[in-house]
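Have a look at the structure below, then the notes.
The values are calculated or read from the model by the stated rules, or taken from the named source; none is laboratory data. Since this is a predicted model, take the numbers as computed values, not measurements. Glycine gets a Cβ as well: all are built from the backbone with ideal geometry, and neighbour counts include every protein chain shown.
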Amino acid sequence: MVDEKDKPLSLVMFSGTDDKLTAAAVLAVGAAVMGRPVNLFLQYYALDAFRVGKVKADHAISPEATESQAPIIRGHKGQHWSELLKQAKDVGEVNIQACALSMDMFGIGREDLDPMVDGIEGVAAFMASVSDGQVVFI
């Protein structure tokens with residue numbers, strides 16, 4: 001029987017807003033600290049946030065944030081999502097892969113990606129890495 005902590009947490013990153021990237025990074029750190037393998041699969045707008053020179057840029061916040069919530073989210077002084085992901089990689093098994101189809105759609109090459117991205121893979125390879133673990137779509 002497979003221990004729950006051995007099952008990977010796989011995050012399909014679609015949104016590229018800072019609040020959703022931060023939420024994903026917090027989940028990644030938590031799982032990594034618990035000893036769970038973590039897979040991040042970067043698609044569409046999340047992929048754009050991982051481009052060289054764009055990681056620390058303002059990626060806005062989700063449109064569902066209300067007028068009263070937006071200043072709270074913007075004013076939060078926690079660590080940047082990229083720093084959280086680096087911490088997760090330091091403490092655990094965290095694999096960040098760019099979606100090959102999204103790369104092709106947006107005309108992005110490997111040289112365009114931040115070094116924290118480990119590689120490029122297709123959907124089939126990502127699904128194989130999921131195994132019988134959890135998949136979260138953000």
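Assorted remarks:
- Flag for LEU21 being touching a helix residue (DSSP H, G or I) at 6+ places or on another chain (Cβ under 6 Å), under 19 Å from SER102 (Cα atoms) and surrounded by 20 or more Cβ atoms within 10 Å (Cβ to Cβ): yes
- Within region 93-111, residues that are hydroxyl-bearing (Ser, Thr, Tyr) sit with their Cβ atoms under 6 Å from residues that are surrounded by fewer than 18 Cβ atoms within 10 Å (Cβ to Cβ) and in a helix (DSSP H, G or I), at 6+ positions apart or across chains, in these pairs: SER102/TYR44.
- Lone unmet requirement of (1) under 16 Å from the mean Cα position of the chain (by Cα); (2) surrounded by 15 or more Cβ atoms within 10 Å (Cβ to Cβ); (3) modelled with pLDDT of 95 or more; (4) not in a strand (DSSP E or B) for ASP90: (2)
- Within region 54-76, residues that are more than 30 Å from GLU111 (Cα to Cα) sit with their Cβ atoms under 9 Å from residues that are aliphatic (A, V, I, L, M) and in a helix (DSSP H, G or I), at 6+ positions apart or across chains, in these pairs: ALA65/ILE72; ALA65/ILE73.
- The set of residues in region 31-54 being among the basic types (Lys, Arg) and either exposed (fewer than 15 other Cβ atoms within 10 Å of the Cβ) or outside any strand (DSSP E or B) (or both) consists of ARG36, LYS54.
- Residue in region 55-76 that is at pLDDT 95 or above, over 19 Å from ASP18 (Cβ atoms), crowded, with 16+ Cβ neighbours inside 10 Å and among the β-branched types (Val, Ile, Thr) present: no
- Qualifying residue in region 119-133 (condition: modelled with pLDDT under 90, under 25 Å from MET34 (Cβ atoms) and part of a loop (DSSP other than H, G, I, E, B)): yes
- Selection status of SER10, among the hydroxyl-bearing types (Ser, Thr, Tyr), within 14 Å of VAL136 (Cβ to Cβ) and crowded, with 16+ Cβ neighbours inside 10 Å: yes
- One residue from MET34, MET116 being of a type in the set (A, V, I, L, M, F, W, C) and in contact (Cβ under 8 Å) with a residue 60 or more places away in the chain: MET116
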